[in-house]
Each structure stands twice: as C-alpha cells, then as structure tokens.
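Each remark here refers to the structure printed beneath this line.
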Amino acid sequence: MYKFLFSDGEDVCLYEDGKIVKRHSKFIENYKNACASVERARTWKQSGEGAKFCGDVRYEAEGESAMCTINGVWFTSKDNEIVYSFTVDQSSGVYKIDLSDEKAPEIHVVNSVDYRFSGGCCDAVTDILVTEISRNYCNSDIAVLDLKSGDYKTVTDGDTMDGDPFISPDDADAVYFSSRGVGRTLNGDFAGFSPASVCKLNISALEVEEILSSDKYNYFKPIVSGGKLYVLRTPSKDKKPNPLLEIILIPFRIIQALVNFINVFVTAFTGKSLASGGSNPAKGRKYDSREQFVKGNLINVDKQLKTNARKDKDGYGFIPLSWQIIEAESGKVIKSGIADYDITDDGTVIATNGKRIFAVKDGKSVKLCDTERCLTVSCRHGSGKSSDLFVI
C-alpha cells in the first residue's frame, strides 16, 4: 500500500494504507489567534461614526484573512516525526511535528521575516533538507538546511528564480532543480521570466549544469526515479487572447475604468466609498481562497474547476490540464492537470490536482482521497551518500 505526506489547506496530513492522520499547523493557529487578539484590542478605532467617516470600518479580524500556506511536508529519520514549511503573511519557517502525540508542541527549526521557505526534498537518512528560499517576488535560491541544528547555506545565487530542489537518490551532492532567468527593462524593473529549465547542481564543487530546457515549455519539479528523469511540464506562454473578444470588451473596460476613477475621487474627499459597507481599499488586497498561486501562476479556482469538469467528469481539479507530469527523455505523459507530485520507491507516482490525490503506475490511475486544497505531496527519500557541506 501507499504511505506519503500531503498538505490540505492549513493541515499537514499522513496517508498510510487508506487511513489519513491530520495535524493542524499550531504556528498558523497561534498566529491567527494573536492577530485576532490585537484586532479586538483596537476595535474602538474601527467602529462608530468616526471610523465610518474615515472609511476604516472593519468587519473581520486580520487573522481570519491572513494569507496562510503550507508549502512543504517531509519525512525525517524518526518514524513518527515529520517536518513542514509554511508562509503566513510576511513570516515563514520550518517546524517539526510529532505524529504520535497530538498534544506535543511543535519543534522550531528556523523562522524568518526576510525570506520565504518553500518546497524541496528531505533526506530522511541524514535529516538534510534542500529547499527554496525566496529573497523577493522574483528571486529565490536553493538552500541546504540541517534540520538538527537549524543552520542553512544557500548554494545558488543570481538574478534567477530557483526552486523545486530534489536530492539524487544515488548521491546527496547532486541536486536537481528548476531555474528561471529574470528579464528586466533598461531601468532594471522586472519584465518577466524565461521558461523554466532543469539544472543539476554539484554541491561540493558548486557547479551547475543545465540538462533540460525548451522555448515552448516550463519544466518544474524534477525527480529522478529508476534512473529516469521526470518533470512537471507547463506551457511557457499563456494562450493568446481572442482579438474579436478583446474589441467587444473595450467599451465595458472603459466604463469600469471611469467608475474606478470616480470611486477613488469620492473616497479621497469624503472618506466614503461608492459601495457602502466595504473596507478601506487602502488597507490592501485581502486573501481570496478562490484564487491560488501555483508555480508563479494565479489560478481562478472556480473558473478552472468548471473548465476541467467539462473535460473530465470524475477526477478533475483546479489545475489546467496542460500541466503534465512527463518522463523527460521520451516525453511520455504520466498524468495531466497536476499541481505537484512525488514518486515512491517502487515507481508509483503520487499526484495531486488540488482537489484529489492519485496513485499512477503502469498507465493506471487510482484516486486515493479527496482534498479541499492540496498543492503539496511528498514521499520518503533517502540518499546513499551524505553531503559534507556542514562539516567544518
């Protein structure tokens, strides 16, 4: 049977032989409670006629609308211990959970308000985690993190977005990862990404080799299994809009722009929005669960679910069907409409489309369970060689 980890919203989950054990992230729960407590302490500023005049009326606690993401779950060398990474608003970190004791406190590994930890691969023999550390919205590096000490070292750098690191099962010094170059204007402003390619990094020598690239596709989540390289392939360019439809929509967009301009003008001089009862737009964009960022793409969940339902009546999710797991050398498609995947020791592909998790082997796909919002799955991995990066 199958044993793997996955995230479902703010829960860390273990799937084993058809049974699911869930643990809610205590850090996220405590963060939300702290935000709600602060909000309650200052409600007098956000209620009454004065607040209405200033357009600063609040109808929910900030903690309830916090942008919370569990973006990595892994097995460690201990049987009942797992580790997960998360991002809550501007804070990110890595924590350990004891699955054998629901009341046991989570163990802190590392926290940061300057960087965001996400994804990667953990060597369950040495407790070394390779992960992505985001410096800003368009730059990230590959880092090697010692789960025992909490120390980490970055092993890539540059004006790139590096992510999805995977430790070779044969050599812990060999790490596969995806990399996107950053395009900039003459003024140095961000202009876009190049298509994602797959690179191989030798940690000891700090040498990088590009092994898979294309102008038409992005290649994410490289995994080596059975001597073969597998990747998550997505189109590198969005589908071009329909010119006729764009012309038809011009009058509606002009009206929308005029309404937005008038609304800003009225709010600036009266302190009230044209739409009464709303929160002050200056407070920033609220988290919307109907939208999901996956691999740098903003996906409209409701719209994509309807689109996929027309093509796949049973196993559809909210990931575009053009996102495919493939075997790199042959180009063989393993599964379509996938957000994340991993591969077990016997070669079974465990894949999620956001709403369901599947096991795929020998061309047959079996649904294992339903989820609310699953964007991360992880199997146990261990390498035959230990890296000496942290040896002094």
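Within segment 183-192, one or more residues are among the charged types (D, E, K, R), at pLDDT 75 or above and assigned to a loop (DSSP other than H, G, I, E, B).
Taking (1) surrounded by fewer than 14 Cβ atoms within 10 Å (Cβ to Cβ); (2) hydrophobic (A, V, I, L, M, F, W, C); (3) in contact with a strand residue (DSSP E or B) (Cβ under 8 Å, 6 or more places away or on another chain); (4) more than 22 Å from Val294 (Cα to Cα) in turn, Ala191 satisfies each apart from (4). Figure legend. Inter-residue proximity from segment 173-193: first residues over 19 Å from Tyr230 (Cβ atoms) and free of Cβ contacts under 8 Å to residues at least 24 places away in the same chain, second residues part of a loop (DSSP other than H, G, I, E, B) and among the charged types (D, E, K, R), beta-carbon distance below 9 Å, spacing 6+ or different chains. Indicated pairs: Gly181/Asp159.
The residue that is farthest from the chain's Cα centre (by Cα), among those in segment 335-347 that are buried (at least 19 other Cβ atoms within 10 Å of the Cβ) and more than 24 Å from Asn300 (Cα to Cα), is Ile343.
How many residues are open to solvent by less than 20 Å² (accessible area, probe 1.4 Å), polar (S, T, N, Q) and outside any strand (DSSP E or B) when one looks only at segment 135-147?
Within segment 135-147, the subset open to solvent by less than 20 Å² (accessible area, probe 1.4 Å) is 138-145, 147.
Then drop every residue that is not polar (S, T, N, Q), which leaves 139-140.
Adding the requirement that they be outside any strand (DSSP E or B) leaves 139.
Result for segment 135-147: 1.
Consider Gly315 carefully, then state whether it is modelled with pLDDT under 85, out of contact with any Cys (no Cβ under 9 Å at 6 or more places or on another chain) and within 30 Å of Asp89 (Cα to Cα). Judged against the criteria, Gly315 is not a match. How many residues, within segment 102-137, are touching a residue at least 60 places away in the same chain (Cβ under 8 Å) and of a type outside the set (Ser, Thr, Tyr)? Of the residues in that region, 10 qualify. Scanning segment 103-127 for residues that are within 19 Å of Asn202 (Cβ to Cβ) and out of contact with any strand residue (DSSP E or B) (no Cβ under 6 Å at 6 or more places or on another chain) gives a single hit, Thr126. Using the structure shown, decide if Val391 is open to solvent by 40 Å² or more (accessible area, probe 1.4 Å), modelled with pLDDT of 95 or more and either more than 22 Å from the chain's Cα centre (by Cα) or aromatic (Phe, Trp, Tyr) (or both). Judged against the criteria, Val391 is not a match.
Scanning segment 89-103 for residues that are of a type outside the set (Phe, Trp, Tyr) and at pLDDT 90 or above gives Ser92, Gly93, Val94, Lys96, Ile97, Asp98, Leu99.
Checked against (1) assigned to a loop (DSSP other than H, G, I, E, B); (2) open to solvent by 20 Å² or more (accessible area, probe 1.4 Å), Phe318 passes all but a single condition, namely (2). Residues considered: Gly150, Gly226. Of these, the only one that is at positive phi, open to solvent by 60 Å² or more (accessible area, probe 1.4 Å), of a type outside the set (A, V, I, L, M, F, W, C) and touching a residue at least 24 places away in the same chain (Cβ under 8 Å) is Gly226. Counting the residues of segment 167-180 that are open to solvent by 10 Å² or more (accessible area, probe 1.4 Å) and either among the basic types (Lys, Arg) or within 16 Å of the chain's Cα centre (by Cα) (or both) gives 2.
Conditions tested, residue by residue: (1) in contact with a Ser or Thr (Cβ under 6 Å, 6 or more places away or on another chain); (2) aliphatic (A, V, I, L, M); (3) assigned to a strand (DSSP E or B).
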site	(1), (2), (3)
Phe177	no, no, yes
Arg180	yes, no, yes
Pro195	yes, no, no
Cys199	yes, no, yes
Ser204	no, no, no
Glu210	yes, no, yes
Ser214	no, no, no
Asn218	yes, no, yes
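What about Ile350, is it at pLDDT 95 or above and either open to solvent by 10 Å² or more (accessible area, probe 1.4 Å) or outside any strand (DSSP E or B) (or both)?
Against the criterion (at pLDDT 95 or above and either open to solvent by 10 Å² or more (accessible area, probe 1.4 Å) or outside any strand (DSSP E or B) (or both)), Ile350 does not qualify.
If you scan segment 104-134, which residues turn out to be under 16 Å from Thr156 (Cα atoms), part of a strand (DSSP E or B) and open to solvent by 60 Å² or more (accessible area, probe 1.4 Å)? Hit for segment 104-134 is Arg116, nothing else. When each of Cys122, Cys199 is tested for being touching a His at 6+ places or on another chain (Cβ under 8 Å) and either among the hydrophobic types (A, V, I, L, M, F, W, C) or under 27 Å from Ser7 (Cβ atoms) (or both), the lone residue that passes is Cys122.
The values are calculated or read from the model by the stated rules, or taken from the named source; none is laboratory data. Here the structure is a predicted model, which means the values were calculated and not measured. Every residue, glycine among them, receives a Cβ derived from its backbone with ideal geometry; neighbour counts consider all protein chains shown. Note: accessible area is taken over every heavy atom of the protein model, side chains too, but ligands, DNA and RNA are not part of it. Shrake-Rupley method; radii C 1.70, N 1.55, O 1.52, S 1.80 Å.
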